[in-house]
Amino acid sequence: MSRTVSITDRQLLEAARAEFLENGIRATTTAIARRAGVSQGILFHRFGTKEALFAAAMGHADAPPPPPLDLNARVGKGSVEDTLVELGELLLDRFFDIVPTQMMVWANRDPEGAVDMAEGYRGPGVQGQRQLVEYLRGEAKRKRIRVIDPYVAAQSFSGALWFFAFEQVTNARLRGDAKSPSRKAFVRRLVATLWEGLRP
């Protein structure tokens, strides 16, 4: 009679994370199972797919998404600046979670065209970007912001947040020796800068 393997999900994820960090997304479930001292069947039983294991090991499966911010309900209400600050803080926190994984995926992209395991992170991003564009379009129609290209404004906003997270994660000091602002300070300064162009 075989002995039941007693290993926690946390131990499996630690083994998977170590393997993914060493070998990128080319890491195999065979190597992960060997590192954890279990069969591949246990990995698939607990996590279903290699992609789900990757997401869990790299911290996204149990990392809660930002609380929903219903931008449609905010059109015409409250301060546009306050809404952008709140949204910016939520996005920046999420970008700090995603950037390290995305960098690893890009660095280990399979030239043969294997499935990109970061694909699951793009869908919500695209949907969120559309919501931001619609929010800005709605505010422009109500003349609460200057009539602008809402797509370019949304890209400028989210792009600046993404690059700040990327810069901080990679510890790049592209602005010389100047001390980087905190996350909250950066979001507030970004909104203040963009507001100069958006103000009605």
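Where a number appears in this text, it was derived from the coordinates with a stated rule and is not lab data. These numbers come from a predicted model, not from an experiment. So basically every Cβ, Gly included, is an ideal-geometry build from the backbone, and we count neighbours across all protein chains shown.
A few notes on this one:
- Paramagnetic reach from residue 147 (point 7 Å along Cα→Cβ, amide N under 18 Å) across segment 182-200: 197-200
- Debye, to nearest 20: dipole size of segment 1-55, +1 on Lys, Arg Cβ, -1 on Asp, Glu Cβ: 120
- Mean separation of Cα pairs under 8 Å and 6 or more residues apart, divided by the residue count, gives segment 9-57 a relative contact order of 44 percent.
- Global geometry of segment 9-57, whether rounded, prolate or oblate, following the gyration tensor of its Cα atoms and the 1.5 cut on a/c: rounded
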